[in-house]
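These notes are about the structure you will find just below.
The values are calculated or read from the model by the stated rules, or taken from the named source; none is laboratory data. Treat the numbers as computed from the prediction; the structure is a model and nothing was measured. Heads up, the Cβs are rebuilt from the backbone with ideal geometry, glycines too, and the neighbour counts pull from every protein chain shown.
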Amino acid sequence: MRVITRPAVGVLSIRGRQMIQLSRILLPTDFSKYSGEATKYACALAEQFDATLHLLHVVPNQDIMMFDFGISLEMAERLDHIRQAAQESLGKLLDAEWAEGRTVVEAVEVGVTFVEILQYAKREEIDLIVIGTHGRTGLAHALMGSVAERVVRKSPCPVLTVRPEGHQFVMP
């Protein structure tokens, strides 16, 4: 029988041996229902470990249509509008009661989604990334690729992927 204790904030210990310390958890989100499932896990883990929860949305650079000769004033205004909308959505992502008294960092980046997630994780010294996955297989996966898969393969830290269906450990 294993005895699991919680000796200090952000540390999981088994038989007195320090195993896991989570103080910074990253939740990349595209605001889809798939990200919503990952949000439940990220919040539960942040609560369990009293960790800072980082919320990150990446605006894919194809959404702003950059040109080789630079970005026009119209495109700069469009990017600013997209960033503001994303920032507002991040502010509404978590239940206000849950977030009260917790440290939550919100960030919006522009670029290639998986690259920006990995760079953010390195820059902010993230301990765990919790990311939703669409669960695509076959041709859809081959054609569309998977941000979650790329993050898992290249991440500087552990990654928890959350599928939209199946066994859930966190109560809704």
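The table for this structure:
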read-out	value
Filter result (in contact with a helix residue (DSSP H, G or I) (Cβ under 6 Å, 6 or more places away or on another chain) and surrounded by fewer than 16 Cβ atoms within 10 Å (Cβ to Cβ)) within region 99-131	111
Residue count for region 25-53, restricted to those that are in a strand (DSSP E or B) and buried (at least 21 other Cβ atoms within 10 Å of the Cβ)	5
Single condition residue 52 does not satisfy, out of (1) touching a helix residue (DSSP H, G or I) at 6+ places or on another chain (Cβ under 6 Å); (2) at pLDDT 95 or above	(1)
Which listed residue, of 107, 86, is part of a helix (DSSP H, G or I), under 21 Å from residue 34 (Cα atoms) and either modelled with pLDDT of 95 or more or touching a His at 6+ places or on another chain (Cβ under 8 Å) (or both)	86
